[in-house]
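Below is one structure, written out as structure tokens; comments come after it.
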Amino acid sequence: MTIRKIYALSLILSLLSIFTFNSYAQAPADVVEYTITGKVIDNELEVPLEYATISIQDVNDPSIINGGVTDVNGEFSIEVKKGTYDILVEFISYETKEFKNRTIDSDLNLGTIELGLGSENLDEVVVRAETTQVDIRLDKKIYNIGKDLTTAGGTVSDALNNVPSISVDIEGGISLRGNENVRILINGKPSAMAGFGSTDVLSQLPAEAIERVEVITSPSARYDAEGTAGIINIILRKKETLGFNGSLSLNGGYPENAGINANLNYRTDKFNLFTTTGYRYRESPGMAFFDTRYFNQREDSFLDGLIYDQNIEDREYDRINRGFNTNVGMEYYLNDQSSITGAIFYRYGNDSDLTTNANDYLLDGSPQLRTTRFENETEEDNSWQFSLNYINRFDNKGHELTADFQVESDGETQNSFIREPVNLNNTEIEDIFIPRERTITSEDQNEYLIQADYVRPIGEDSQFEAGYRGNFENEITDYTLLQEARNGSFVLNRNQTNIFDYSENVHAWYTQYGTKFGDFSFLFGLRAEHTQLKGDIDSELSQEELREEFSFDITTNFDNKYFGLFPTLNVIYEIAEQESITFGYNRRINRPRGWYINPFPSRSSRNNVFQGNPNLQPAYSNSFDLGYLKRWDKLTLTSSVYFQRETDAFQRVQEEIEIEVANPDFPEEGPETIPQTVIRSIPFNLATNDRMGGELGFLYNPAEWLRLNGSFNYFRFKLDGEFNGNDLSTDNTSWFARFSSKVTLPAKIDWQTNAFYRGPSEEIQGTQDGILSIDVALSKEILNEKATIALNVSDILNGRRRASQTTTEFFEQDSEFQWRQGQAVNVSFIYRFNQQKQRQQRREGGNEDFEEGEF
């Protein structure tokens, strides 16, 4: 059999196996008597070969053919009746192994079958191992993380920023195709590792923990309906190699950072023990700048009647992040068909930040007063998660049942001390007293998940799925603000002190059916979700006082319930072997969460505050996606166009309001509180948001020493809505592009360059400038390719800063923000024991960087 025929057969069987179809005939159950079992591994790396093909042919009647493919552990189990058979074991790019004239009159265990690489494929195997591969499915793209030098020693956020369609902004916010409303999952489920919806923790977990990233822009009914942009599913590493093996990585750099991370695995025939454990220390100096010019003069009662028409804020952030994380688990094989996996994740963070905020107040360009606000903040965070998974495979054709239970808890305590000394420029102003402040914030989050999924193949080309997921989350935020009086004592500010108890409970049921007709593959699904959003605000303020404080009616105790149906449809049309068209439709929901709902403002600035809105309602979207894929020998192109309409979309609006702050002269003089005018940013359900766009990606390997890939995303959103009688409708166009090149230099040194640019955009109340970032890296394999040493420099042009302009009827503002200033240099060392560089293609079963699957 030729290599081309082996490849075609292996690829077809692999794709059908992925989606639990089986193209082999099977004898009726009442005549099956014996089972052929075994395990297929790579003879050099001693790793399992998933999707290896097992063909069984009756010697006396060659028309009778049975068979199957290996599972994730490289194991197979095939039932046959009594007879004499030729058994063929094949895997693309590997040598074939045959077992001739085997008489089956009892169960037969072929043991461990070792396959070696075919000599004609050795060169291309090495090339593909150096790149990130992409697997195209009906409802997602799977990016198997390759050897990305620029993220060596980096974080999960760094790795995500190099994945097409995904962008990570300077604050760590993650967006998909320019839309920030994206759902982050870990191993297919919401997780404490992703910070309960926050992405902060992804900036602390090491990039080495990722095996692959699934970008799901058209989610099927199996997935949560949450996230109008789609889903990013991060799959963590869990090695399956027999024996004890793993890797150890060390990194350090400037600004000061250091880390150590270990990936360890011990595998036997009955169980698999695995762990990823690491510690990080990181300093992140940052900056922010605000120049606000008011159209009318302002009189600040808090600053003893100071009159000004311009305020300049210049902030500096000095952050220190320390974090320990570990994920320990074991998979136990109950029998050949079922296993149970338990894992415990724990994370501890201890951060300290100093924010210096210099405020200059001017009148007609003349300085009046300067204050310098110092905020010292400490934060301690403890998160843990326990997960349990059970899987039972009724046969080797995809008929299976899985069940999951997960419980997680996160406790976070923040303490800050704020002081703001005054420097007078106007000698007519005397005795200005700005009280010091203390804030204590305690957040406790608990979440429970119960899930069951059932998959049943129907015939050769169809499949049925159904399942349930229950997700129950509770978050309690206890916020206390103490402000200093002139006598030096600290007084409770009852206007800001509060306890916010928030719960989100979601019950979801889904079913979907996949089938294939000729060159068309279809996946239909329907998901039903019942959502309960429940909140209770415990404040000393009355309902009327709250309305006056926040300038709109808010509900202090709410219990909102929603029921929604979310249909999905995904289609693939195979034009030719190397060419296909995909289409996807889905309906999704965007639920307001956490700080978007809590109405009590932040205290990072006296003049600029953020405030949540407990009146927010969920937003719903309908999305359409049309994709095209074309492959040549050395070039692969992917492209898509999409449209999304979101109703009741919520956007942040800036406005000028008065809030009550403690009167430092109380009780000797005046009332308990006095008003202060601030600029507030707050989210509201505005109206309809239409998003449309297109993306183009390519992978080009013109030579063994050169690998190129890039992507371009263009998007436009049109917002129709108004706020307080003001028309906020806008039509915004923006784009982002990334390019990566990897060159193998003499002495087997790899050089990689990554570039990212996000174009300027129109916002609902202003504009945002473009952002350019360029990273470079060098690496070399040492110690007989058991270790890698790498040097990378990120943001060599210091361009990762956000500059924006805002205009309202009250003021205009220029602002600039940079989460981490300057270039960052990092050196990393990775040592692998009892393993070599992983050949990524061994599981993908193909000669291309892009692979397609039906379901």
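The values are calculated or read from the model by the stated rules, or taken from the named source; none is laboratory data. This is a predicted model, so every value here is computed, not measured. All Cβ positions, glycine included, derive from the backbone under ideal geometry; neighbour counts span all protein chains shown.
Just name the residue that is nearest to GLU658 (Cα to Cα) out of those in segment 611-633 that are in a loop (DSSP other than H, G, I, E, B) and hydrophobic (A, V, I, L, M, F, W, C). Selected residue: LEU616. The set of residues in segment 642-666 that are among the β-branched types (Val, Ile, Thr) and more than 22 Å from THR730 (Cβ to Cβ) comprises ILE657, ILE659, VAL661. Which of the following residues is part of a strand (DSSP E or B), under 32 Å from the mean Cα position of the chain (by Cα) and touching a residue at least 40 places away in the same chain (Cβ under 8 Å): ASN382, ASN327? Every option except ASN327 fails the conditions. If I filter segment 674-682 for residues that are modelled with pLDDT of 75 or more and of a type in the set (D, E, K, R), do I get at least one hit? Scanning segment 674-682, I find at least one residue that is modelled with pLDDT of 75 or more and of a type in the set (D, E, K, R), so the answer is yes. Quick check on my filter: what residues within segment 516-535 are in contact with an Asp or Glu (Cβ under 6 Å, 6 or more places away or on another chain), buried (at least 16 other Cβ atoms within 10 Å of the Cβ) and farther than 21 Å from GLU226 by Cα? Selection gives LYS516, SER521.
Selection of segment 511-548 for residues being among the charged types (D, E, K, R) and either out of contact with any Phe, Trp or Tyr (no Cβ under 8 Å at 6 or more places or on another chain) or not assigned by TED's automatic domain parsing to the domain that holds PRO614 (or both) yields GLU540, GLU544, GLU545, ARG547, GLU548. Within the option set LEU635, LEU616, being crowded, with 17+ Cβ neighbours inside 10 Å, closer than 30 Å to SER220 by Cα and in contact (Cβ under 8 Å) with a residue 60 or more places away in the chain holds for one residue only, LEU616.
Quick one: would you say ASN233 is under 30 Å from PHE833 (Cβ atoms), part of a strand (DSSP E or B), under 25 Å from the mean Cα position of the chain (by Cα) and assigned by TED's automatic domain parsing to the domain that holds PHE829? Criteria not met by ASN233. Quick check: is even one residue across segment 313-321 modelled with pLDDT of 90 or more and farther than 29 Å from ASN415 by Cβ? Scanning segment 313-321, I find no residue that is modelled with pLDDT of 90 or more and farther than 29 Å from ASN415 by Cβ, so the answer is no.
For segment 803-834, the set of residues classified as of a type outside the set (Gly, Ala, Ser), outside any loop (DSSP other than H, G, I, E, B) and without any contact (Cβ under 8 Å) to a residue 60 or more places away in the chain consists of GLN805, THR807, listed by residue number.
Return the only residue of THR767, THR806, THR730 being over 28 Å from LYS141 (Cα atoms), buried (at least 20 other Cβ atoms within 10 Å of the Cβ) and assigned by TED's automatic domain parsing to the domain that holds MET692. Exactly one residue qualifies, and that residue is THR806.
Residues that are more than 29 Å from TYR454 (Cβ to Cβ) and in contact (Cβ under 8 Å) with a residue 40 or more places away in the chain within segment 500-518 comprise PHE500, TYR502, listed in sequence order. Checked against (1) assigned to a strand (DSSP E or B); (2) surrounded by 18 or more Cβ atoms within 10 Å (Cβ to Cβ), LEU541 passes all but condition (1). Would you pick out the residues in segment 771-798 that are under 23 Å from the mean Cα position of the chain (by Cα) and either within 19 Å of GLY759 (Cα to Cα) or of a type in the set (Asp, Glu) (or both)? Result: ILE771, LEU772, SER773, ILE774, ASP775, ASP795.
Return yes when GLU299 is without any contact (Cβ under 8 Å) to a residue 12 or more places away in the chain and not assigned by TED's automatic domain parsing to the domain that holds VAL40 and no when it is not. For GLU299, the condition - without any contact (Cβ under 8 Å) to a residue 12 or more places away in the chain and not assigned by TED's automatic domain parsing to the domain that holds VAL40 - is met. Across segment 441-461, the number of residues qualifying as of a type outside the set (Phe, Trp, Tyr), free of Cβ contacts under 8 Å to residues at least 60 places away in the same chain and in a strand (DSSP E or B) comes to 9. Note on segment 410-436: among residues that are part of a strand (DSSP E or B) and over 36 Å from the mean Cα position of the chain (by Cα), the one that is modelled with the highest pLDDT is ARG419. Just to check your reading of the model, which residue among PRO671, PRO614, PRO618, PRO599 is more than 28 Å from the chain's Cα centre (by Cα) and not assigned by TED's automatic domain parsing to the domain that holds GLU180? On inspection, the qualifying residue turns out to be PRO671. From the set of residues in segment 506-563 that are within 30 Å of ILE657 (Cα to Cα) and among the aromatic types (Phe, Trp, Tyr), which is nearest to the chain's Cα centre (by Cα)? If we take residues in segment 506-563 being within 30 Å of ILE657 (Cα to Cα) and among the aromatic types (Phe, Trp, Tyr), then PHE558 is nearest to the chain's Cα centre (by Cα).
Does ALA343 fit the bill of being over 22 Å from the mean Cα position of the chain (by Cα) and among the hydrophobic types (A, V, I, L, M, F, W, C)? Considered against the rule, which asks whether it is over 22 Å from the mean Cα position of the chain (by Cα) and among the hydrophobic types (A, V, I, L, M, F, W, C), ALA343 comes out as no.
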